[in-house]
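S.K.: Quick one: the structure is below, questions incoming.
The values are calculated or read from the model by the stated rules, or taken from the named source; none is laboratory data. From a predicted model like this one, the values you see are computed outputs, not experimental measurements. Cβ placement follows ideal geometry from the backbone for every residue including glycine, while neighbour counts extend to all protein chains displayed. Note: areas computed on protein heavy atoms with side chains; ligands, DNA, RNA excluded. Shrake-Rupley method; radii C 1.70, N 1.55, O 1.52, S 1.80 Å.
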Amino acid sequence: MSYQGHRKRRIEGTTLVIFGASGDLTSRKIIPAIASLWDQDQLPEEFSVIGVARSPLGTDGFRNLVMNSAGGWETVGNYIENFHYLQGDYKSISTYQSLSKLLDTIEQSHQTGRSRLYYLATIPDLFGLISDLLGESGLSRHGDSNSARIIIEKPFGDDTLSAQKLNSDMHRSFSEDQIYRIDHYLGKETVQNLLALRFSNAIFEPVWNRNYVDNIQITVAEQIGVGHRGNFYEHAGALKDIIQNHMLQILSLILMEAPATMAADSIQNEKVKVLSSVEIPSIPEVVSRVVRGQYVDGVINSDEVRGYRGEQNVSPDSKTETFVAMRLAVDNWRWAGVPVFIRTGKRMAKRETQVVMEFNRAPHLPFTGNSARQLGPNRMILRIQPEEEIKLVFGAKVPGQDYNIRSVAMDFSYANTFREVSWDAYERLILDALLGDRTLFLRADEVTKAWEIVEPVQRAFADPDFPLFPYASGTYGPKEASKLLQGSGHYWHNG
Ligand code: BG6
């Protein structure tokens with residue numbers, strides 16, 4: 001299992017059915033991940049893929065698409081016969097009847113076995129419908145309960161209510177343990193390492209609480225803008241796109257209690273517990289705890305870039321946020337009183353996903369004069385990307401006759417320590433879904449808990465008078481985001 005060391009289990013013969021086979025997610029992520037798994041000998045001979053979409057691609061067309069996405073004949077040439085295509089309307093039961101026949105034929109001719117994995121790489125509006133029609137055509141319960149599984153990927157609804165509805169829509173045909181909800185951050189090696197760091201070492205746990213930690217900062221900063229995804233982003237915004245999922249997942253792994261075992265339910269129980277302890281502000285409280293921003297023209301890596309409102313498919317008077325900073329409180333024994341600051345933004349100064357645990361200052365500094373003026377607080381920095389590292393910042397004496405103390409860092413870098421190549425998140429997640437390991441996927445209640453946390457913020461943002469602060473592209477967001485911390489005497493740790 002993912003958190004339990006090396007994989008020893010082999011995957012049984014399976015057919016992967018990709019709905020949305022001609023779309024972006026399939027060619028950018030799913031096909032390259034499959035090709036790489038094949039290349040690493042992780043998939044059995046008896047493995048087939050059926051692409052389903054509305055486009056009249058035909059099997060040859062789909063195989064060409066597969067080769068282009070996977071990097072050519074050398075990568076997938078030997079397996080190309082294992083890729084099939086079915087053209088069909090997702091809304092029509094006849095598509096599913098044809099799929100059922102095609103599955104039977106392939107399972108016989110490729111001796112694929114009876115295991116089926118459906119990957120809904122479509123727009124989220126179709127998740128409930130496709131799941132229902134799979135159910136109606138008898139494709140959701142195939143043999144024992146584990147032999148038919150379904151993958152969906154965020155966004156899971158738009159708010160608490162629609163997320164609950166999606167869960168119950170899916171549950172009409174699939175039981176919870178057949179559903180694999182992807183948040184690709186959980187597939188990242190360094191996100192998984194958060195648990196290894198916390199629960200395989202004895203030295204961190206004693207200080208991982210309100211007695212030693214002054215505040216916690218989580219940053220997901222991107223340099224990219226919205227690019228060609230303006231249409232999507234206008235309806236998403238940073239709150240739904242990053243905070244509700246990726247950031248609250250990181251937060252729960254950092255703050256949760258030790259799980260009883262590393263099994264999926266055990267970990268998910270602890271994550272749900274900590275999400276349930278996050279204080280939910282009232283709508284009027286949001287304005288003093290949340291800052292929202294939108295990028296304007298600026299400079300990134302010496303290139304001038306345009307502001308959000310000038311991006312393709314974005315309204316010239318859009319109020320969609322591309323930056324959000326929040327102050328959260330977690331009301332439980334371990335974290336009561338420790339502020340948790342989170343922020344995310346596009347077009348920021350650097351690409352940087354990290355957690356900073358800032359520890360209390362030493363109670364008394366016996367050094368005289370200015371000798372410790374360059375000393376910052378002790379910090380542990382867990383850098384998730386781009387350079388994956390763990391850094392401990394502490395004070396040390398600067399060599400020389402004077403007694404000057406300065407902050408220095410002790411570094412562990414993934415790339416310099418391990419020779420093994422990190423797996424891409426999709427490779428890991430697809431493999432885990434094939435193995436039936438749900439540890440790195442989201443459970444229904446995790447998703448709704450996370451929506452409950454952001455919902456008052458969503459509502460506050462819907463008020464046209466809620467402030468939207470501009471920030472220049474290439475910066476760390478609007479200055480109001482710093483003020484959010486200054487009130488309690490804190491400041492953001494960048495870089
Ligand atoms: C996606 C968001 O979920 O995550 C994107 O929709 C964002 O807007 C992306 O750019 C970031 O992922 P990563 O792996 O590049 O940090």
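S.K.: Could you check segment 228-240 and list, in sequence order, the residues that are open to solvent by 10 Å² or more (accessible area, probe 1.4 Å) and either assigned to a helix (DSSP H, G or I) or more than 9 Å from the ligand (Cβ to nearest atom) (or both)?
M.R.: 228, 231, 232, 234, 235, 236, 240
S.K.: Residue by residue through segment 143-187, note down the ones that are under 13 Å from the mean Cα position of the chain (by Cα) and among the acidic types (Asp, Glu).
M.R.: 153, 183
S.K.: Taking the condition assigned to a loop (DSSP other than H, G, I, E, B), farther than 26 Å from residue 452 by Cα and more than 16 Å from the ligand (Cβ to nearest atom), does residue 202 pass?
M.R.: yes
S.K.: Right, next: For segment 1-109, give me every one of the helices (runs of 4 or more DSSP H) that falls completely inside it and has 3 or more residues that are surrounded by fewer than 12 Cβ atoms within 10 Å (Cβ to Cβ). Show your work before the answer.
M.R.: Details: elements: 31-39, 58-70, 73-76, 93-109.
Qualifying helices (runs of 4 or more DSSP H): 58-70, 93-109.
S.K.: Please specify each residue of segment 93-118 satisfying the condition of being without any contact (Cβ under 8 Å) to a residue 12 or more places away in the chain and over 20 Å from residue 147 (Cβ atoms).
M.R.: The one that is without any contact (Cβ under 8 Å) to a residue 12 or more places away in the chain and over 20 Å from residue 147 (Cβ atoms): 94.
S.K.: Among the residues of segment 139-182, write down those that are among the basic types (Lys, Arg), without any contact (Cβ under 8 Å) to a residue 40 or more places away in the chain and in a loop (DSSP other than H, G, I, E, B).
M.R.: 141
S.K.: Find all pairs meeting these conditions: Cβ atoms under 7 angstrom apart; at least six residues apart or on different chains; first residue within segment 183-199 and farther than 22 Å from residue 119 by Cβ; second residue more than 16 Å from the ligand (Cβ to nearest atom) and in a helix (DSSP H, G or I).
M.R.: Partner pairs satisfying both residue conditions: 194/254; 198/205.
S.K.: Which of the residues spanning segment 455-495 are of a type outside the set (S, T, N, Q) and part of a strand (DSSP E or B)?
M.R.: 469, 470, 471, 472
S.K.: So which residues in segment 241-261 are acidic (Asp, Glu) and either open to solvent by less than 10 Å² (accessible area, probe 1.4 Å) or within 10 Å of the ligand (Cβ to nearest atom) (or both)?
M.R.: 241
S.K.: Sticking with this one: Which condition breaks for residue 209 when tested against (1) open to solvent by less than 10 Å² (accessible area, probe 1.4 Å); (2) more than 16 Å from the ligand (Cβ to nearest atom); (3) at pLDDT 95 or above; (4) not hydroxyl-bearing (Ser, Thr, Tyr)?
M.R.: Of the numbered conditions (1) open to solvent by less than 10 Å² (accessible area, probe 1.4 Å); (2) more than 16 Å from the ligand (Cβ to nearest atom); (3) at pLDDT 95 or above; (4) not hydroxyl-bearing (Ser, Thr, Tyr), the odd one out for residue 209 is (1).
S.K.: With the condition kept exactly as written, say whether any residue in segment 262-277 is assigned to a loop (DSSP other than H, G, I, E, B) and modelled with pLDDT of 95 or more.
M.R.: Among the residues of segment 262-277, not one is assigned to a loop (DSSP other than H, G, I, E, B) and modelled with pLDDT of 95 or more, which makes the answer no.
S.K.: Here is a further query. Do we find a residue being at pLDDT 95 or above and open to solvent by 20 Å² or more (accessible area, probe 1.4 Å) anywhere in segment 361-371?
M.R.: no
S.K.: Moving on to the next point. Does residue 452 satisfy being touching a strand residue (DSSP E or B) at 6+ places or on another chain (Cβ under 9 Å), open to solvent by 50 Å² or more (accessible area, probe 1.4 Å) and not in a strand (DSSP E or B)?
M.R.: Against the criterion (touching a strand residue (DSSP E or B) at 6+ places or on another chain (Cβ under 9 Å), open to solvent by 50 Å² or more (accessible area, probe 1.4 Å) and not in a strand (DSSP E or B)), residue 452 qualifies.
S.K.: Working carefully through the options 281, 316, find the one that is touching a residue at least 40 places away in the same chain (Cβ under 8 Å), open to solvent by 10 Å² or more (accessible area, probe 1.4 Å) and more than 16 Å from the ligand (Cβ to nearest atom).
M.R.: 281
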